[in-house]
1. Counting only residues that are without any contact (Cβ under 8 Å) to a residue 24 or more places away in the chain, of a type in the set (F, W, Y) and either in a helix (DSSP H, G or I) or over 20 Å from E162 (Cβ atoms) (or both), how many does segment 1-41 have?
2. Among the residues of segment 42-52, is any assigned to a helix (DSSP H, G or I), at pLDDT 95 or above and closer than 26 Å to G15 by Cα?
3. Looking at segment 189-213, which of its residues are at pLDDT below 90 and over 22 Å from G48 (Cα atoms)?
4. Find the residue count for segment 52-68, including only residues that are in contact with a helix residue (DSSP H, G or I) (Cβ under 9 Å, 6 or more places away or on another chain), of a type outside the set (D, E) and without any contact (Cβ under 8 Å) to a residue 60 or more places away in the chain.
5. Of all residues in segment 22-41, which are closer than 15 Å to R11 by Cβ and of a type in the set (S, T, Y)?
6. Looking only at segment 55-84, count every residue that is in contact with a strand residue (DSSP E or B) (Cβ under 6 Å, 6 or more places away or on another chain) and part of a helix (DSSP H, G or I) and tell me the total.
7. Name the residue, out of L131, L140, L180, L156, that is hydrophobic (A, V, I, L, M, F, W, C) and more than 30 Å from V12 (Cα to Cα).
8. Could you list all residues from segment 153-169 that are within 23 Å of G53 (Cα to Cα) and touching a Phe, Trp or Tyr at 6+ places or on another chain (Cβ under 7 Å)?
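The values are calculated or read from the model by the stated rules, or taken from the named source; none is laboratory data. These numbers were taken from a predicted model, which means no experiment stands behind them. In this analysis, Cβ positions are derived from the backbone assuming ideal geometry, glycine residues included, and neighbour counts consider all displayed protein chains.
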Amino acid sequence: MDFIKINYTGRVKDGRVFDTTLEETAKKEGIDRKDRVYKPLSIAVGEGQVIPGLDEALAGMKVGEKKSVTVEPDKGYGQKSASMIKLVPVKVFRQEGMNPMPGMPVEIDGRHGRVQTVSGGRVRVDFNHELAGKTLVFDLEVVEKAKSDEDKVKCLIERNFESAEGFDVRLDGKKLTLTLPKKAFHDRNLIVRKASLSAEAFKNLDLQVVTYEETWENPKSDGKDEKKEEKKKK
């Protein structure tokens with residue numbers, strides 16, 4: 001199995017770009033977001049981490065290779081389904097302090113959708129993926145391929161923590177030990193990220209144990225204990 005990093009730009013067949021890993025392209029197309037870090041995407045090829053059409057296209061690609069691939073709905077985000085369009089009482093939105101309007105993206109019971117119409121106390125919401133039923137075109141480039149198990153671990157870290165910077169990785173047979181950097185402690189989704197990384201490590205690297213090491217320091221000490229120890233030595 002290949003662990004690779006790719007740059008990509010995806011657009012619907014009519015030419016509209018909907019996603020990219022390239023900041024320059026995102027700005028040019030007017031879809032750049034300040035809360036996103038634009039960089040190559042880390043994936044394990046063939047593991048369903050991207051849509052089927054991309055998994056198939058990436059298989060066997062080499063570092064530096066570029067390719068443009070057309071993905072039909074059945075190997076993309078599926079066909080649109082009428083059963084995914086629901087009528088929701090407007091009071092559900094009111095209870096959440098929302099005023100539903102056509103085109104508004106919403107999340108109800110963990111499902112993401114978009115408001116179509118609002119009429120007679122009911123809201124018509126389409127829970128189909130926004131790219132369902134569309135033929136997509138992706139421009140792909142493989143920019144890096146993991147050569148060692150440690151490189152593969154770092155790919156998994158980047159997938160789940162966005163960056164592997166500051167992580168200490170130690171592999172011993174089927175045991176993986178990760179020391180987390182302090183910046184990870186401020187992540188409210190830390191437990192979920194660790195659980196996801198562990199699951200992917202067990203599945204893709206045939207590991208038996210994943211251990212996380214964390215060191216918390218009292219922020220009020222400001223190094224006072226170390227200074228006291230230095231004075232004692234003098």
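1. 0
2. Looking through segment 42-52, at least one residue is assigned to a helix (DSSP H, G or I), at pLDDT 95 or above and closer than 26 Å to G15 by Cα.
3. none
4. Of the residues in segment 52-68, 1 are in contact with a helix residue (DSSP H, G or I) (Cβ under 9 Å, 6 or more places away or on another chain), of a type outside the set (D, E) and without any contact (Cβ under 8 Å) to a residue 60 or more places away in the chain.
5. Scanning segment 22-41 gives a single hit, T25.
6. 1
7. Of L131, L140, L180, L156, the one residue that is hydrophobic (A, V, I, L, M, F, W, C) and more than 30 Å from V12 (Cα to Cα) is L180.
8. Within segment 153-169, C155 is the sole residue that qualifies.
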